[in-house]
Number of protein chains: 2
Amino acid sequence: MTWGGTVTTKILLDESRLPSRWYNVVPDLPAPPPPPLHPGTREPVGPDDLAPLFPMDLIAQEVSGERFVDIPEEVRDVYRLWRPTPLIRAHRLEHALGTPARIYVKYEGVSPVGSHKPNTAVPQAYYNARQGIRRLTTETGAGQWGSALAFACAQFALECEIWMVRASYDQKPYRRSMMELYGAQVHASPSRLTASGAKILADDPASPGSLGIAISEAVESASPDDTRYALGSVLNHVLMHQTVIGEEALEQLALVGDTPDLIVGCTGGGSNFAGLFFPFLREKLQGRMNPAIRAVEPDACPSFTRGRYAYDFGDTAGFTPLLKMHTLGHDFVPDPIHAGGLRYHGMAPLLSHMYDLDIFEAEAKPQRECFEAGILFARTEGIVPAPEPTHALAAAIAEARHCAETGEPKVILTALCGHGHLDMAAYDRYLSGEMEDHTLPQSRLDEALTTLP
Amino acid sequence: MTWGGTVTTKILLDESRLPSRWYNVVPDLPAPPPPPLHPGTREPVGPDDLAPLFPMDLIAQEVSGERFVDIPEEVRDVYRLWRPTPLIRAHRLEHALGTPARIYVKYEGVSPVGSHKPNTAVPQAYYNARQGIRRLTTETGAGQWGSALAFACAQFALECEIWMVRASYDQKPYRRSMMELYGAQVHASPSRLTASGAKILADDPASPGSLGIAISEAVESASPDDTRYALGSVLNHVLMHQTVIGEEALEQLALVGDTPDLIVGCTGGGSNFAGLFFPFLREKLQGRMNPAIRAVEPDACPSFTRGRYAYDFGDTAGFTPLLKMHTLGHDFVPDPIHAGGLRYHGMAPLLSHMYDLDIFEAEAKPQRECFEAGILFARTEGIVPAPEPTHALAAAIAEARHCAETGEPKVILTALCGHGHLDMAAYDRYLSGEMEDHTLPQSRLDEALTTLP
């Protein structure tokens, strides 16, 4: 089989085409998203409430009404280490599926840490450094976000302290090593370094931890004057930073004269999906294209498809403001599926609002179908996907198979938000036949939702 | 610190600039390399002797006198999944070193398996498939080559059977998982599936294996009519396939108007180093540039700097032809340094010949200096290097520091032949202070050399 060099495989952009602005979707929406509330007063939180946690530039971005925000040159200089990222036309996958669909994959795995997370870690580190902050704290589950922030802090000479969910800390030592390699300090969570961690350990000395607990510890540790907290997803400014993904993809698709019929992304907190589709939504709202847009989540943690749209805490201990979002309840602990980055009880408030406005659709997938898609992708296109984006690949493949039946030459765009070289144990489990699906039982969901504040 | 977008970080080539020919350095040398010899007769081996092991196209390439060999379109189509690879100007590393030197890094870690190995795995699989071969066998140490061949076999619907050194099989399960993900069958070596493996196990049931033993098993298994053997380094055709690295780098440096003063690469079997410098040597021989060229090897396995230039076997059991090369003796087992890809007793015969002709220089490095260089690179440039190329980075950094003293603005070119995301355990060991250097004692070397045939 050969295409004889007549078709492009990777659509590249020169560094000179690196986006110079992030896109803020909020002013283009028919209604603004509901504000975060103070848990005590139930009044909207203001900049002063957030100032102990975030630098002022990021707080301003969080509530900005500007459609575009300039990307500082210092941030673009770091982005240039790996951006613009390639857009891949998945010819070999299409051939294997016998589909007339054209599948495009925006590949973020070429970043130094192998995922899309540095797109926001870098500006977050930059704005903190510019404000004279000395140290950042954060949490990490499987370690993708922690390694991105550790890398970013190394670029701007910030100290970095990371609470890593105990289960991952023990089972995934390589991600911890990567954070330490970049100079970060890593603690297993729950830890005895914080009151919230100590309280959990007092109740259960063998607690495996959770993302919600780790967030509580990192937030608690951010109180001193020279320390702030960084969050890797969920917030408006994080989603905005990720729009470099979609801006580049928009330009890359234009280079080959295609517009998408379907945009599909995986969602944990939602930043990778948002970063991909927001710029395309802008074009859609202006009548220049009309893609269907779809979020894919794991059926073990189905915030969009089965969660409640309600005010809830972002963490387990209840330190964060109340966020209106699709949630499974802030002390819900999802089953241990291998897509660690999708195991969060909530969803970005901005995306939750947009889902409520029917701007996009959502579906949930069991993990074995996703791993099967990941293996097909690896055997055809070479790249081993991280478990998270296999959810989007599974949906793209299902759509392409449908096109094979109907004959429709649909253009499908998806984001491959990271490579899976640090997730081989999960593939091993799938290949050995030991992997199970973990559909959330209704009774457990009902019980979890009773904890909503 | 910002460069304000005024300087390029990544020098990219469009897919249309993917090389269309491999460069064969042999006809440009003042004398041809000594031929491989039949171990029984000590006569040069001919195509018929090699035909049970390799397809005819590769045998023809192995002895070719043509300066250029066209790359089949089917191979270029697969190369396009990741090639051309970026050439990175390491501004941040230069800044950290305070050097006037300009450091360029040709980065091969963007390939699906994270190293330069698919550059030859893909054509090897292609030529075997074209000859109607059904199955390939090979050996792998740490797993880089095995995953590359498994990926390549998946592209051309070949079965792939891999003998993986027992010590790595047990300690590095993730590389094994990657090979299986691509559909390969992986055995720990020594195994009871071959006579040579069974013999080793009879003497030592707990044998940790070695690359030499695994080669014996893979070669032994390649005898049936429909099965051939594939080697990931050492041979002329392998080195030639890797010249896509140097051809691209030559064009990329020309785009920014630089010519190298020093080219430095790490050497195990030598294919990555050869692939980088052969095209530059061609330009040097034609008087268009005059770079110094330097190989860097681990001081635990110093084939160039302390080995003997003599005829020796490529494997432990003595199944291969005799190759004239810099060798430490075919049953020498290097200390367990973390750069698994550099732990081979011999060196490519073509490179050994060129070293004997003083075409390049060589030095040996202890592993701690190399890991220190790898960490400095990661903290400045983001990419975590595999342990093997940290040897070349250490030499490039030493040269750049020297330039900081002399004020010379030298242009240094090196190859970063793979990322280290699957080698985090090694970095962990370095960071915890537990890593040791392993300089080879003279008495052990003397003893190893007594086994030369």
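Among A:T320, A:T138, what's the order by accessible area (1.4 angstrom probe), most exposed first?
Final ranking, largest accessible area leading: A:T320, A:T138.
A point 7 Å from Cα along Cα→Cβ stands in for A:D358, and the other copies hold the same point at 8.3 nm, listed in rising order.
For A:N24, nonlocal amide neighbours, meaning residues 5 or more places apart or on other chains whose placed amide H falls under 5 Å from its own, are A:F68, A:V69. Proximity of backbone amide H atoms, modeled 1.01 Å from N, is registered between B:S189 and B:M164, B:V165, B:R166 at under 5 Å, excluding neighbours fewer than 5 places apart on the same chain.
Once all protein chains are placed together, B:T406 keeps about 70 Å² accessible to a 1.4 angstrom probe. Less than 5 angstrom separates the built amide H of B:A362 from those of B:A295, all sequence-distant by 5 or more or on a different chain. In this assembly of identical copies, the label point of A:R134 (Cα plus 7 Å along Cα-to-Cβ) is separated from its counterparts by 7.0 nm, sorted shortest first.
Helices that extend 15 Å or more along their long axis by alpha-carbon positions and average at least 0.5 on the Kyte-Doolittle scale are, among the DSSP H runs of chain A, A:144-155, A:243-255.
Looking at the protein assembly as shown, what % of its DSSP beta bridges pair antiparallel, to the nearest 5? Intermediate results must be reported in sequence, preceding the final value.
Numbers: 36 of 102 bridges.
Around 35 percent of the beta bridges assigned by DSSP in the protein assembly as shown are antiparallel ones.
In deg cm²/dmol, rounded to 500, what helix-only [θ] at 222 nm does chain B give when every DSSP H run of at least 4 residues adds -39500 (n - 2.57) and the total is split over its residues?
On the way: 19 runs with 181 residues, N = 453.
After summing the helix terms and dividing by the residues of chain B, the value is -11500 deg cm²/dmol.
For A:K365, a cut-off of 15 angstrom between C-alpha atoms picks up these aspartates and glutamates, skipping any fewer than 8 places away in its own chain: A:E297, A:D299, A:D335, A:E388, A:E399, A:E436, A:D437. Solvent-accessible surface of protein heavy atoms, probed at 1.4 angstrom with all chains present, puts A:L181, A:L285, A:L12 in the order A:L285, A:L12, A:L181, largest first. Fully extending the segment from B:A60 to B:R134, taken as 0.36 nm per residue of separation minus the present Cα-Cα distance, adds 24.6 nm. Exposure check, 1.4 Å probe, all protein chains in place: B:H38 carries approximately 70 Å² of accessible surface.
Among the cysteines of chain B, those whose beta-carbon sits 4.7 Å or more from every other cysteine beta-carbon are B:C266, B:C301, B:C370, B:C403, B:C417. If you find the alpha carbon centre of the stretch B:138-167 and of the stretch A:73-128, how far apart are they in angstrom? About 28 Å separates the Cα centre of the stretch B:138-167 from the one of the stretch A:73-128. Distances from B:R401 to itself in the other copies, using label points 7 Å out along the Cα-Cβ axis, amount to 5.7 nm in increasing order.
With a Förster radius of 60 Å, plug the Cβ-Cβ distance of B:D226 and B:D356 into 1/(1 + (r/R0)^6) and report the FRET value to the nearest 0.05.
Working: r = 39 Å, r/R0 = 0.65.
Using R0 = 60 Å, I get an efficiency of 0.95.
Residue-level result for chain A: its Cβ closest to the axis carrying A onto B, with that distance in Å, is A:H421, 2.
Set against the 2.2 N^0.38 Å expectation for a compact globular protein, the stretch A:219-330 has a Cα radius of gyration ratio of 1.28. Applying 0.36 nm per residue to the separation of B:V256 and B:T450 and subtracting their alpha-carbon distance, the gain on full extension is 64.8 nm.
The values are calculated or read from the model by the stated rules, or taken from the named source; none is laboratory data. Because the structure is a prediction, the values reported are computed rather than measured. Ideal geometry is used to build each Cβ from the backbone, glycine not excepted, and the neighbour counts take in all protein chains shown. The area values use the complete protein model at the heavy-atom level, side chains included, leaving out ligands, DNA and RNA. Shrake-Rupley method; radii C 1.70, N 1.55, O 1.52, S 1.80 Å.
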